[in-house]
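Asker: Once you've had a glance at the structure underneath, I'll fire off some questions.
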Amino acid sequence: MKLIKRSGLSLGVLMTCVSAIALFSSQKAKATQTYPQLILSDNPVAYYRLEETNGTTALDSTTNHLDGEYLFADGADGSFPQLGLPGIDTNSVTFKLESDNTFGDVDIPYSTLLNPANPDGTGTPFSAEVWLFPTTQPPNYTVPFSEFGGFGLPNTSGWNFYQSPGPASAWILNVHQKGIFSQTGAISLLQWYHLAVTFDGTNFVFYVNGLPFSTSPGTGYIANPGTDEFIGSGASTGQLPYTGGADEAAIYGYALTPAQILAHYQLGTNSFRVIANIAPSFVTAPAPQTNYAGTTATFSALAAGTAPLSYQWFRGATKITGATNNSYSLAVTPTDDGSTFSLSVSNIVGVTNSAAVTLSVLTNFNIVGAPTDSTRNSGSNSWVAYRVIANGAGPIKYQWEDFTSGSGVVIPGATNDTVWFKGLFTNATYGVIVSNPFMTNDPLMVNLTVQPRAVTVPITGYARIVVADSPVAYWRLDETNADGGTATDAVGSFDGVYMDGLGSFLFDVPTGIPHETNDAVGLTNGSSIHIAYAPELNPEVAWSAETWIQPYSLGDYRVVLSSQFNSFPNPYNGWYIYQQPSANFAFVPQPGNGFIVAGPDDPANNNLIVPFKWYHLVVTDDGTTFTMYINGEARTSFSVAGDQFIANGAGILPNNQLGVGGFSDTVIGQRSDATFGTFVGTADDTAFYNYALSPQQVVSHFNNAVKVTAAPLSTSGGKLVLSWPVGTLLSSHTLNGIYTPVVGATSPYTNSIGSTNTFFKVQTQ
């Protein structure tokens with residue numbers, strides 16, 4: 001047996017021989033041919049039955065002999081993949097990401113037959129199918145079947161299937177180059193599923209258990225140009241290898257019909273290897289748990305045996321009412337420390353009981369990220385933020401105090417893990433006291449040093465409207481310096497660096513902002529602008545990012561703006577906005593990898609991006625909803641709760657366990673980890689905020705115009721209170737008359753009662 005140790009990224013769950021087959025039809029049809037005969041009659045270009053019980057060759061059952069190779073990992077949990085397990089028409093294989101992060105898979109050498117394409121690389125029709133038996137709720141995306149060519153220039157290529165992260169994992173068809181990320185509903189463990197994809201040259205169709213689940217446009221799809229095919233992993237995707245069973249994988253050089261796929265599924269469900277009734281046994285037994293008070297502890301197990309299986313959890317010797325699933329959760333209190341739990345599993349053959357395992361309860365908290373000293377530029381619009389990261393027994397509480405005078409003075413309302421200060425003119429010292437019901441720490445101290453601003457950027461024209469809405473950082477991008485020069489933050493302390501790629505920046509490019517004369521900068525051949533990580537640019541709750549761009553062309557994925565951290569063992573943190581090959585924009589918050597896709601409201605161009613047109617892009621997060629605006633319109637949104645969003649640099653995993661932590665630059669024109677294509681086009685005024693811009697503010701920025709609002713003054717009949725964010729208040733006694741400045745008028749302004757009509761407007765330029 002050939003042993004190859006492969007690096008993994010996380011932990012998996014062991015799957016051994018299973019006998020419960022949940023996909024049996026209640027009325028089995030009498031097959032006129034075997035499952036392999038049916039598949040071969042549909043002329044696949046490759047067909048991997050995965051029937052082997054030994055050796056290293058995964059045979060292709062067609063005459064093309066595109067044999068694969070079993071790459072075994074002799075890891076901490078055994079040798080994987082395991083061969084000869086129950087499957088369709090006899091055997092299947094099982095894969096596992098082992099506890100020492102090794103894994104095995106099936107490596108099928110690249111062939112144009114498996115990746116049919118035209119001379120220009122665009123894909124021609126094909127189909128692929130596989131049977132999968134999931135055995136774990138994975139911590140991140142896993143890849144059971146991959147024909148993915150990887151990310152990069154000139155185009156992302158190929159396709160793959162995913163199993164999404166638990167606790168309610170799903171199947172996904174991913175054709176990244178076409179923006180296809182079709183996700184099913186939650187799947188069940190220890191059940192066989194039949195997945196298939198077809199491409200007829202125009203559309204991709206994703207099938208689950210014989211029925212079409214989704215149809216997505218795929219014209220111009222780029223076939224994998226040279227990467228091996230894998231069953232059980234997908235290294236080029238950057239995601240985890242698969243843990244679970246697989247069987248009967250096939251590739252076709254044409255699009256199977258819905259009738260063919262349904263026939264494959266129906267015959268497959270009647271072709272599983274029959275096993276005599278056997279008693280239940282634990283695939284994975286319950287494990288001891290150590291949890292903090294105030295959190296939730298979950299005990300779980302996987303059992304195999306003849307279905308149906310019945311579960312019952314015990315606390316000590318007492319049966320837990322209603323605890324009849326393969327997992328049991330409870331809210332942890334200090335009184336639970338030392339309690340024992342066990343699981344009994346039974347079926348028609350017999351019963352098996354797990355060993356009792358102990359719950360240990362901790363009451364402390366940990367400071368895993370203390371606030372650090374900072375130096376910030378002086379100014380009325382300059383911001384500083386301090387963040388403390390703590391985990392442990394809850395609820396955890398925070399109180400920030402001002403120690404500038406020597407003793408602590410409580411800052412009213414500063415009771416979150418992050419505190420913000422605006423208008424920085426003098427040095428200061430702050431501290432935060434962290435506590436839970438069981439302990440309190442001494443104040444964690446930080447010092448603020450305020451320095452003079454090195455470069456003062458004129459706040460004129462469009463900048464007046466932006467600055468009136470209090471951005472944390474604002475880059476006008478009107479510099480004329482070369483590679484290595486500074487992109488000055490006009491309001492804050494977060495200057496960027498112009499970093500040349502293979503080409504050069506284009507300076508003094510005309511802007512597309514209405515009524516604005518300030519120039520922009522062109523990004524070509526890998527050029528981008530990097531801003532060093534700062535917590536102020538990465539709020540955990542409530543923020544906005546805004547930019548103006550002019551794409552020069554369409555094609556590959558091109559990242560417009562990003563603030564993302566990507567390093568194992570943390571999940572991807574942060575977010576990015578990119579231009580898709582399908583001529584629309586997408587916003588991707590991490591680590592959930594959910595995304596929203598939107599095009600401009602441009603019916604004349606099918607609501608798609610047009611080269612050399614200007615686009616104003618805004619993403620807002622109000623703590624509840626992500627919203628993406630294009631050219632002043634809210635084009636799409638989705639729930640923040642529906643995605644596992646972690647701000648760049650937060651360093652806390654979704655289940656509130658401690659991660660290694662880390663952070664990356666904020667980048668204009670590139671993803672922070674340099675994955676995907678770099679933006680090619682003009683970029684202009686880019687700003688970040690520590691709150692969600694309102695729709696009215698977004699429209700005002702897009703139009704480069706402000707609106708006067710009026711409200712009655714309750715204490716004086718007939719008077720109005722006029723408000724405007726920036727500019728000079730003008731008035732006239734006729735609508736189309738000559739408007740002149742209102743002497744001494746500042747917002748808010750109460751107008752006087754007169755005998756004639758008065759009309760008001762605001763001049764910003």
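Asker: Can you name the number of the only condition in (1) open to solvent by 10 Å² or more (accessible area, probe 1.4 Å); (2) farther than 16 Å from Ala128 by Cα that Asn43 fails?
Answerer: The failed condition is (2).
Asker: A further question follows. Go over the candidates Gly149, Gly232 one by one and state the one that is modelled with pLDDT of 95 or more and farther than 30 Å from Tyr328 by Cβ.
Answerer: Just a single option satisfies the conditions, and that option is Gly232.
Quick grid of which residues meet (1) open to solvent by 40 Å² or more (accessible area, probe 1.4 Å); (2) within 30 Å of Ser157 (Cα to Cα); (3) part of a loop (DSSP other than H, G, I, E, B); (4) modelled with pLDDT under 90:
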| position | (1), (2), (3), (4) |
| --- | --- |
| Val667 | no, yes, no, no |
| Asp673 | yes, yes, yes, yes |
| Asp684 | no, no, no, no |
| Ala692 | no, no, yes, no |
| Gln696 | yes, no, no, no |
| Lys707 | yes, no, yes, yes |
| Val721 | no, no, no, yes |
| Val726 | no, no, yes, yes |
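Asker: While we're here: One residue is enough: does the stretch 273-281 have a residue meeting the conditions under 34 Å from the mean Cα position of the chain (by Cα), farther than 20 Å from Lys96 by Cβ and touching a residue at least 60 places away in the same chain (Cβ under 8 Å)?
Answerer: no
Asker: For Asn538, all conditions in the list (1) in contact with a Leu (Cβ under 7 Å, 6 or more places away or on another chain); (2) among the polar types (S, T, N, Q); (3) under 17 Å from Ala473 (Cα atoms) hold save one; what is the number of the exception?
Answerer: (1)
Asker: Enumerate the pairs (first residue in the stretch 310-334 and touching a residue at least 40 places away in the same chain (Cβ under 8 Å) and aliphatic (A, V, I, L, M); second residue anywhere and part of a strand (DSSP E or B) and open to solvent by less than 60 Å² (accessible area, probe 1.4 Å)) with beta-carbon separation below 6 Å, excluding pairs fewer than 6 apart on the same chain, so at least 6 apart or on different chains.
Answerer: Qualifying pairs under 6 Å: Val332/Asn291; Val332/Ala297; Val332/Val361.
Asker: Hand me the list of strands (runs of 3 or more DSSP E) wholly inside the stretch 601-648 holding 1 or more residues that are at pLDDT below 90, over 25 Å from Val466 (Cβ atoms) and open to solvent by 40 Å² or more (accessible area, probe 1.4 Å).
Answerer: Strands (runs of 3 or more DSSP E) meeting the threshold: 633-639.
Asker: Here's something else I'd like to know. Listed residues Ala293, Ala304, Ala279; which is surrounded by 18 or more Cβ atoms within 10 Å (Cβ to Cβ) and closer than 30 Å to Thr34 by Cα?
Answerer: Just a single option satisfies the conditions, and that option is Ala304.
Asker: Just the residues that are open to solvent by less than 40 Å² (accessible area, probe 1.4 Å) and within 39 Å of the chain's Cα centre (by Cα), please, taken from the stretch 52-78.
Answerer: Of everything in the stretch 52-78, those that are open to solvent by less than 40 Å² (accessible area, probe 1.4 Å) and within 39 Å of the chain's Cα centre (by Cα) turn out to be Glu52, Ala58, Asp60, Leu66, Gly68, Tyr70, Leu71, Phe72, Ala73, Gly75, Gly78.
Asker: Turning to a different aspect of this structure: What number of residues within the stretch 411-443 are open to solvent by 40 Å² or more (accessible area, probe 1.4 Å) and farther than 24 Å from Tyr691 by Cα?
Answerer: 9
Asker: Is it the case that Ser271 is among the polar types (S, T, N, Q), on the phi < 0 side of the Ramachandran plot and either out of contact with any strand residue (DSSP E or B) (no Cβ under 6 Å at 6 or more places or on another chain) or open to solvent by 60 Å² or more (accessible area, probe 1.4 Å) (or both)?
Answerer: no
Asker: Please name all residue pairs, on different chains or six or more residues apart, with Cβ atoms under 9 Å, provided the first residue is in the stretch 743-759 and is more than 23 Å from Val726 (Cβ to Cβ) and the second residue is of a type in the set (Gly, Ala, Ser) and in a loop (DSSP other than H, G, I, E, B).
Answerer: Ile753/Ser716; Ile753/Gly717; Ile753/Gly718
Asker: What are the residues in the stretch 322-365 that are part of a strand (DSSP E or B) and either among the aliphatic types (A, V, I, L, M) or in contact with a Leu (Cβ under 7 Å, 6 or more places away or on another chain) (or both), if any?
Answerer: Leu330, Ala331, Ser339, Phe341, Leu343, Val345, Val351, Val357, Leu359, Val361, Leu362
Asker: Please enumerate the residues belonging to the stretch 33-60 that are over 20 Å from Thr257 (Cα atoms) and not aliphatic (A, V, I, L, M).
Answerer: Correct list: Tyr48, Arg49, Glu51, Glu52, Thr53, Asn54, Gly55, Thr56, Thr57, Asp60.
Asker: Additional query: Restricting to the stretch 87-118, what's the tally of residues that are out of contact with any Asp or Glu (no Cβ under 9 Å at 6 or more places or on another chain), in a strand (DSSP E or B) and buried (at least 21 other Cβ atoms within 10 Å of the Cβ)?
Answerer: 2
Asker: Here is a further query. Determine the pairs where a residue that is in contact (Cβ under 8 Å) with a residue 24 or more places away in the chain and closer than 11 Å to Gly379 by Cβ, located within the stretch 446-459, has a partner that is open to solvent by 80 Å² or more (accessible area, probe 1.4 Å) and not small (Gly, Ala, Ser) with Cβ atoms under 8 Å apart, the partner being 6 or more residues away or on another chain.
Answerer: Here the result reads Val450/Phe425; Val450/Thr426; Val450/Asn427, each pair linking the stretch 446-459 to a residue that is open to solvent by 80 Å² or more (accessible area, probe 1.4 Å) and not small (Gly, Ala, Ser).
Asker: For the stretch 622-639: of the residues being among the small types (Gly, Ala, Ser) and out of contact with any His (no Cβ under 8 Å at 6 or more places or on another chain), which is farthest from Pro600 (Cα to Cα)?
Answerer: Residue satisfying both the conditions and the ranking: Gly623.
Asker: Something else now. Would you tally the residues in the stretch 492-513 being open to solvent by less than 40 Å² (accessible area, probe 1.4 Å), outside any strand (DSSP E or B) and at pLDDT 90 or above?
Answerer: Of the residues in the stretch 492-513, 6 are open to solvent by less than 40 Å² (accessible area, probe 1.4 Å), outside any strand (DSSP E or B) and at pLDDT 90 or above.
Asker: Can you name every residue in the stretch 200-214 that is under 20 Å from Glu248 (Cβ atoms) and of a type in the set (S, T, N, Q)?
Answerer: If the condition is that a residue be under 20 Å from Glu248 (Cβ atoms) and of a type in the set (S, T, N, Q), then Asn209 is the only one that fits.
Asker: Among the residues of the stretch 370-385, which ones are open to solvent by less than 20 Å² (accessible area, probe 1.4 Å) and assigned to a strand (DSSP E or B)?
Answerer: Of everything in the stretch 370-385, those that are open to solvent by less than 20 Å² (accessible area, probe 1.4 Å) and assigned to a strand (DSSP E or B) turn out to be Ser374, Asn377, Gly379, Ser382, Val384, Ala385.
The values are calculated or read from the model by the stated rules, or taken from the named source; none is laboratory data. The structure displayed is predicted, hence computed values, not measured ones. As a convention, Cβ positions derive from the backbone with ideal geometry for all residues, glycine included, and neighbour counts pool all protein chains shown. Only protein heavy atoms, including side chains, enter the accessible area calculation; ligands, DNA and RNA are left aside. Shrake-Rupley method; radii C 1.70, N 1.55, O 1.52, S 1.80 Å.
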